[in-house]
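Structure, as structure tokens:
Derivation of every value follows stated rules applied to the coordinates shown; laboratory data play no part. Note that this is a predicted model, so its numbers are computed, not measured. Heads up, the Cβs are rebuilt from the backbone with ideal geometry, glycines too, and the neighbour counts pull from every protein chain shown.
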Amino acid sequence: MALRPDEFYDHALAAADNERRLPLARMTGWDISPFEQDGLRVAPLRPPVLPEPARQGEDPSDCSGCRSRDEGIWFTDRWRLTRIAGVGVPLVLMLHPRDHYDMADLPDELAAELGLLSTHVVRHVEALPHISRAHVYRIGDGGAHLHVWFFARPEGQAQLYGSWMVVWDDLLPEYPADVADADAAIVADSLVASYGGRRPATP
């Protein structure tokens, strides 16, 4: 059985200093880390907060994911794909069910479709010129409506390998929106061809 919140906190504090600061993560020593270890400090570990605050959209009547179910660059009756603006890497896409589900309550049919559809998105992102990998993330702490992230790693940028890429994305200057829009359209058109679905109607 998992540790209770107080047990987990006590367990973690046993490795911390007298200011409740844990040692630097092993990841900070990796050559892909965006930070130099010298001068880097870990924030003090705060005690657990119970009950946890509600995520955005726990109530479907107040869910931004549900309100925007008709917004995106590609659609089926059950899924939509959006492009996230203002990022530093070449392309960030997000896949959402159009109806209100989180991953744990996704019906089996949609769960199977999520796996297949995610594979198609990755294939099309990685087929773009000068893109080496598509990183896929599902976090789930901010919003209750399922949303799966796809980050395109630029070719040749070895420091952007692996789990640090989302941090690098936040540090990099904003990628040219017109280039990202064009690449997102290629991915969406490729999805229509390989998987089905439709693009939004143009005005």
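Residue-normalised convex hull volume from the C-alpha trace of the chain: 159 Å³ per residue.
The order of the peptides 40-47, 175-182 by mean Cβ neighbours within 10 Å, most packed first, is 175-182, 40-47. Summary of the geometry: region 113-192 and region 1-39, compared by the centres of their Cα atoms, lie 29 Å apart. Looking at region 67-157, the GluC sites (Glu not before Pro) that sit in a DSSP loop and have at most 16 other Cβ atoms within 10 Å of their own Cβ are 71, 155. Starting from the Cα gyration tensor of region 58-125, take the square roots of the eigenvalues, sort them a ≥ b ≥ c, and report rounded, prolate or oblate (rounded when a/c is under 1.5, otherwise prolate if a/b is larger than b/c, else oblate). Note, shape of region 58-125 comes out oblate. Sorted from longest to shortest, the spans of the Cα atoms of region 127-203 along the three principal axes equal 37, 33, 24 Å. Normalised by 2.2 N^0.38 Å, where N is the number of residues, the C-alpha radius of gyration of region 1-52 stands at 1.38. Averaging the sequence gap over all C-alpha pairs within less than 8 Å and six or more residues apart, then dividing by the number of residues, gives region 64-194 a relative contact order of 31 percent.
How much FRET efficiency would the formula 1/(1 + (r/R0)^6) give for residue 15 and residue 56, where r is the Cβ-Cβ distance and R0 is 41 Å, rounded to 0.05?
Working from the Cβ atoms, E equals 0.80.
In loop segments of region 17-65 as defined by DSSP, the GluC sites (Glu not before Pro) with at most 11 further C-beta atoms inside 10 Å of their C-beta are 19, 36.
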